[in-house]
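Everything below concerns the one structure shown next.
The values are calculated or read from the model by the stated rules, or taken from the named source; none is laboratory data. These numbers come from a predicted model, not from an experiment. Here the Cβ positions follow ideal geometry from the backbone for every residue, glycine too, while neighbour counts run over all protein chains shown. We work out accessible area using only protein heavy atoms, side chains counted, and drop any ligands, DNA or RNA first. Shrake-Rupley method; radii C 1.70, N 1.55, O 1.52, S 1.80 Å.
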Number of protein chains: 2
Amino acid sequence: MGRPMRVINKIRSLRFAADEMTQAELADRVKVTRQTIIAIEQGRYSPSLEMAFQIAKVFRVPLDEVFQYPDEDA
Amino acid sequence: MGRPMRVINKIRSLRFAADEMTQAELADRVKVTRQTIIAIEQGRYSPSLEMAFQIAKVFRVPLDEVFQYPDEDA
DNA sequence: ACTATATGTCAAAGAAACCTTACATTAGAG
DNA sequence: CTCTAATGTAAGGTTTCTTTGACATATAGT
(Lines give C-alpha, C1' and ligand atoms only; values in the text may rest on other atoms or scores of the structure.)
Protein backbone atom coordinates (compact mmCIF):
# COMPACT_ATOMS: atom_id res chain seq x y z
CA MET A 1 0.00 0.00 0.00
CA GLY A 2 0.79 3.62 0.51
CA ARG A 3 3.55 4.65 -1.74
CA PRO A 4 4.68 8.22 -1.29
CA MET A 5 1.40 9.49 -2.74
CA ARG A 6 2.94 12.54 -4.26
CA VAL A 7 1.60 14.98 -6.76
CA ILE A 8 2.90 14.54 -10.28
CA ASN A 9 3.83 17.42 -12.53
CA LYS A 10 4.33 18.43 -16.13
CA ILE A 11 7.06 20.97 -15.57
CA ARG A 12 9.51 19.41 -17.95
CA SER A 13 7.20 19.42 -20.94
CA LEU A 14 5.93 22.89 -20.07
CA ARG A 15 9.50 24.14 -20.03
CA PHE A 16 10.18 22.79 -23.48
CA ALA A 17 6.89 24.13 -24.73
CA ALA A 18 7.89 27.52 -23.37
CA ASP A 19 10.69 28.12 -25.81
CA GLU A 20 12.90 25.57 -24.06
CA MET A 21 13.17 27.53 -20.89
CA THR A 22 16.04 26.18 -18.81
CA GLN A 23 15.78 24.93 -15.24
CA ALA A 24 18.01 27.80 -14.19
CA GLU A 25 15.71 30.38 -15.70
CA LEU A 26 12.60 28.83 -14.20
CA ALA A 27 14.35 28.77 -10.82
CA ASP A 28 15.16 32.41 -11.31
CA ARG A 29 11.65 33.41 -12.17
CA VAL A 30 10.13 31.45 -9.31
CA LYS A 31 12.88 32.69 -7.01
CA VAL A 32 14.08 29.36 -5.75
CA THR A 33 17.34 27.58 -6.36
CA ARG A 34 18.09 25.38 -9.32
CA GLN A 35 18.35 22.39 -6.99
CA THR A 36 14.78 22.88 -5.94
CA ILE A 37 13.51 22.90 -9.51
CA ILE A 38 15.44 19.73 -10.26
CA ALA A 39 14.03 17.96 -7.24
CA ILE A 40 10.46 19.01 -7.97
CA GLU A 41 10.72 18.20 -11.64
CA GLN A 42 12.00 14.73 -10.79
CA GLY A 43 9.22 14.23 -8.28
CA ARG A 44 11.61 13.77 -5.37
CA TYR A 45 9.29 15.91 -3.32
CA SER A 46 6.34 18.23 -3.83
CA PRO A 47 6.63 21.99 -3.80
CA SER A 48 4.94 24.29 -1.36
CA LEU A 49 1.57 25.62 -2.42
CA GLU A 50 3.10 29.06 -3.03
CA MET A 51 5.75 27.64 -5.29
CA ALA A 52 3.16 25.61 -7.18
CA PHE A 53 1.16 28.77 -7.83
CA GLN A 54 4.23 30.65 -8.98
CA ILE A 55 5.30 27.94 -11.38
CA ALA A 56 1.84 27.83 -12.90
CA LYS A 57 1.98 31.58 -13.25
CA VAL A 58 5.29 31.49 -15.09
CA PHE A 59 3.77 29.13 -17.65
CA ARG A 60 0.51 31.07 -17.67
CA VAL A 61 -1.61 28.03 -17.01
CA PRO A 62 -3.85 27.06 -14.09
CA LEU A 63 -2.22 25.21 -11.24
CA ASP A 64 -3.92 21.93 -11.98
CA GLU A 65 -2.47 21.91 -15.45
CA VAL A 66 0.98 21.70 -13.96
CA PHE A 67 0.25 19.49 -10.94
CA GLN A 68 -2.13 16.57 -10.68
CA TYR A 69 -3.17 14.62 -7.66
CA PRO A 70 -3.23 10.91 -8.42
CA ASP A 71 -6.55 9.23 -7.62
CA GLU A 72 -5.78 7.66 -4.32
CA ASP A 73 -8.24 4.79 -4.35
CA ALA A 74 -6.66 1.57 -5.60
CA MET B 1 8.66 44.90 1.49
CA GLY B 2 7.82 41.23 1.28
CA ARG B 3 5.08 40.48 3.64
CA PRO B 4 4.51 36.81 4.30
CA MET B 5 3.05 36.37 0.80
CA ARG B 6 0.97 33.43 1.77
CA VAL B 7 -1.90 31.82 0.00
CA ILE B 8 -5.32 32.70 1.34
CA ASN B 9 -8.13 30.20 1.69
CA LYS B 10 -11.86 29.86 1.97
CA ILE B 11 -11.92 26.81 4.16
CA ARG B 12 -14.03 28.33 6.88
CA SER B 13 -16.86 29.36 4.60
CA LEU B 14 -16.66 26.10 2.69
CA ARG B 15 -17.01 24.22 5.95
CA PHE B 16 -20.13 26.09 6.89
CA ALA B 17 -21.50 25.68 3.40
CA ALA B 18 -20.89 21.95 3.72
CA ASP B 19 -23.51 21.36 6.37
CA GLU B 20 -21.36 23.04 9.00
CA MET B 21 -18.65 20.46 8.89
CA THR B 22 -16.44 20.80 11.96
CA GLN B 23 -12.68 21.30 11.94
CA ALA B 24 -12.32 17.92 13.59
CA GLU B 25 -14.24 16.18 10.85
CA LEU B 26 -12.34 17.93 8.09
CA ALA B 27 -9.09 16.98 9.81
CA ASP B 28 -10.31 13.44 9.93
CA ARG B 29 -11.20 13.30 6.28
CA VAL B 30 -7.96 14.89 5.16
CA LYS B 31 -6.05 12.72 7.62
CA VAL B 32 -4.22 15.45 9.45
CA THR B 33 -4.67 16.67 13.01
CA ARG B 34 -7.16 19.24 14.12
CA GLN B 35 -4.29 21.58 14.98
CA THR B 36 -3.18 21.56 11.41
CA ILE B 37 -6.61 22.50 10.12
CA ILE B 38 -6.81 25.34 12.62
CA ALA B 39 -3.43 26.69 11.58
CA ILE B 40 -4.22 26.49 7.88
CA GLU B 41 -7.65 27.99 8.29
CA GLN B 42 -6.16 30.89 10.21
CA GLY B 43 -3.49 31.36 7.60
CA ARG B 44 -0.65 30.77 10.04
CA TYR B 45 1.02 28.71 7.34
CA SER B 46 0.14 27.16 4.01
CA PRO B 47 -0.62 23.51 3.52
CA SER B 48 1.42 21.15 1.42
CA LEU B 49 0.27 20.73 -2.14
CA GLU B 50 -1.06 17.26 -1.31
CA MET B 51 -3.10 18.56 1.57
CA ALA B 52 -4.44 21.39 -0.57
CA PHE B 53 -5.63 18.87 -3.14
CA GLN B 54 -7.24 16.70 -0.50
CA ILE B 55 -9.10 19.58 1.09
CA ALA B 56 -10.44 20.64 -2.30
CA LYS B 57 -11.54 17.08 -2.88
CA VAL B 58 -13.45 16.94 0.39
CA PHE B 59 -15.42 20.00 -0.63
CA ARG B 60 -15.70 18.76 -4.21
CA VAL B 61 -14.39 21.96 -5.71
CA PRO B 62 -11.25 22.72 -7.73
CA LEU B 63 -8.15 23.61 -5.76
CA ASP B 64 -8.16 27.25 -6.79
CA GLU B 65 -11.61 27.70 -5.38
CA VAL B 66 -10.25 26.93 -1.94
CA PHE B 67 -6.84 28.59 -2.22
CA GLN B 68 -5.92 31.80 -3.98
CA TYR B 69 -2.55 33.28 -4.63
CA PRO B 70 -2.56 37.01 -3.95
CA ASP B 71 -1.42 39.09 -6.90
CA GLU B 72 2.09 39.96 -5.96
CA ASP B 73 2.17 43.05 -8.14
CA ALA B 74 3.56 45.95 -6.20
C1' DA C 1 41.30 20.45 -27.44
C1' DC C 2 39.13 23.90 -24.83
C1' DT C 3 35.15 26.48 -23.08
C1' DA C 4 30.53 27.34 -21.93
C1' DT C 5 25.84 25.79 -21.06
C1' DA C 6 22.53 22.63 -19.22
C1' DT C 7 21.53 18.92 -16.34
C1' DG C 8 22.49 15.99 -12.56
C1' DT C 9 24.33 14.05 -7.78
C1' DC C 10 25.65 14.38 -3.00
C1' DA C 11 25.89 16.11 1.74
C1' DA C 12 24.96 19.23 5.46
C1' DA C 13 22.32 22.81 7.40
C1' DG C 14 18.29 25.82 7.86
C1' DA C 15 13.30 26.82 7.50
C1' DA C 16 8.58 25.58 7.22
C1' DA C 17 5.02 22.26 7.91
C1' DC C 18 2.97 18.76 10.75
C1' DC C 19 2.24 16.01 15.06
C1' DT C 20 1.39 15.21 20.05
C1' DT C 21 -0.14 16.53 24.40
C1' DA C 22 -2.17 19.45 27.43
C1' DC C 23 -5.07 23.06 28.77
C1' DA C 24 -8.38 27.44 28.04
C1' DT C 25 -12.59 29.55 26.22
C1' DT C 26 -17.14 29.86 24.36
C1' DA C 27 -21.78 28.43 23.26
C1' DG C 28 -25.66 25.22 23.50
C1' DA C 29 -28.34 21.44 25.63
C1' DG C 30 -30.18 19.33 29.53
C1' DC D 1 -25.54 25.34 36.80
C1' DT D 2 -23.31 21.30 34.57
C1' DC D 3 -21.88 18.80 30.68
C1' DT D 4 -20.46 18.46 26.18
C1' DA D 5 -18.95 19.94 21.59
C1' DA D 6 -16.36 23.18 18.94
C1' DT D 7 -12.70 26.26 18.68
C1' DG D 8 -8.41 28.14 20.18
C1' DT D 9 -3.36 28.54 22.33
C1' DA D 10 1.16 26.85 23.53
C1' DA D 11 5.46 24.05 23.85
C1' DG D 12 8.51 20.52 22.10
C1' DG D 13 9.62 17.19 18.73
C1' DT D 14 9.73 14.92 13.95
C1' DT D 15 9.41 15.21 8.99
C1' DT D 16 9.58 17.52 4.69
C1' DC D 17 10.99 21.20 1.89
C1' DT D 18 14.63 24.54 0.52
C1' DT D 19 19.24 26.39 0.41
C1' DT D 20 24.26 26.35 -0.13
C1' DG D 21 28.26 24.71 -2.10
C1' DA D 22 31.01 21.50 -4.34
C1' DC D 23 31.60 18.43 -8.00
C1' DA D 24 30.25 15.12 -12.31
C1' DT D 25 28.61 14.46 -17.05
C1' DA D 26 27.11 15.46 -21.62
C1' DT D 27 26.54 18.42 -25.50
C1' DA D 28 27.49 22.38 -28.61
C1' DG D 29 30.51 26.00 -30.26
C1' DT D 30 35.07 27.95 -31.39
Quiz item: Do we have residue A:39 as among the small types (Gly, Ala, Ser), within 13 Å of DNA strand C (Cβ to nearest atom) and open to solvent by 30 Å² or more (accessible area, probe 1.4 Å) here?
Solution: no
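Matching residues to (1) closer than 15 Å to residue B:53 by Cα; (2) out of contact with any Gly (no Cβ under 9 Å at 6 or more places or on another chain):
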{"position": "A:9", "(1), (2)": "yes, no"}
{"position": "A:20", "(1), (2)": "no, yes"}
{"position": "A:23", "(1), (2)": "no, yes"}
{"position": "A:26", "(1), (2)": "no, yes"}
{"position": "A:35", "(1), (2)": "no, yes"}
{"position": "A:44", "(1), (2)": "no, yes"}
{"position": "A:52", "(1), (2)": "yes, yes"}
{"position": "A:65", "(1), (2)": "yes, yes"}
Quiz item: Cβ-Cβ below 8 Å, separation at least six or inter-chain, first residue in the stretch A:28-45 and within 18 Å of residue A:5 (Cβ to Cβ), second open to solvent by 50 Å² or more (accessible area, probe 1.4 Å) and outside any loop (DSSP other than H, G, I, E, B): which pairs?
Solution: A:43/A:8
Quiz item: If residue A:59 satisfies every condition in (1) aromatic (Phe, Trp, Tyr); (2) open to solvent by less than 60 Å² (accessible area, probe 1.4 Å); (3) over 29 Å from residue B:43 (Cα atoms) but one, which is the exception?
Solution: (3)
Practice problem: Answer yes if at least one residue in the stretch A:62-72 is within 13 Å of DNA strand C (Cβ to nearest atom) and closer than 24 Å to residue B:44 by Cα, and no otherwise. | Solution: no
Practice problem: Give the residues of the stretch B:23-36 that are of a type in the set (S, T, N, Q) and open to solvent by less than 70 Å² (accessible area, probe 1.4 Å), sorted by residue number. | Solution: B:23, B:36
Quiz prompt | Residues (over 9 Å from the mean Cα position of the chain (by Cα) and loosely packed, with under 13 Cβ neighbours inside 10 Å) located in the stretch A:1-14 | solution = A:1, A:2, A:3, A:4, A:5, A:13
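Yes/no matrix, rows are residues, columns are (1) within 10 Å of the chain's Cα centre (by Cα); (2) basic (Lys, Arg):
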position: B:16; (1), (2): no, no
position: B:23; (1), (2): no, no
position: B:29; (1), (2): no, yes
position: B:34; (1), (2): no, yes
position: B:42; (1), (2): yes, no
position: B:53; (1), (2): yes, no
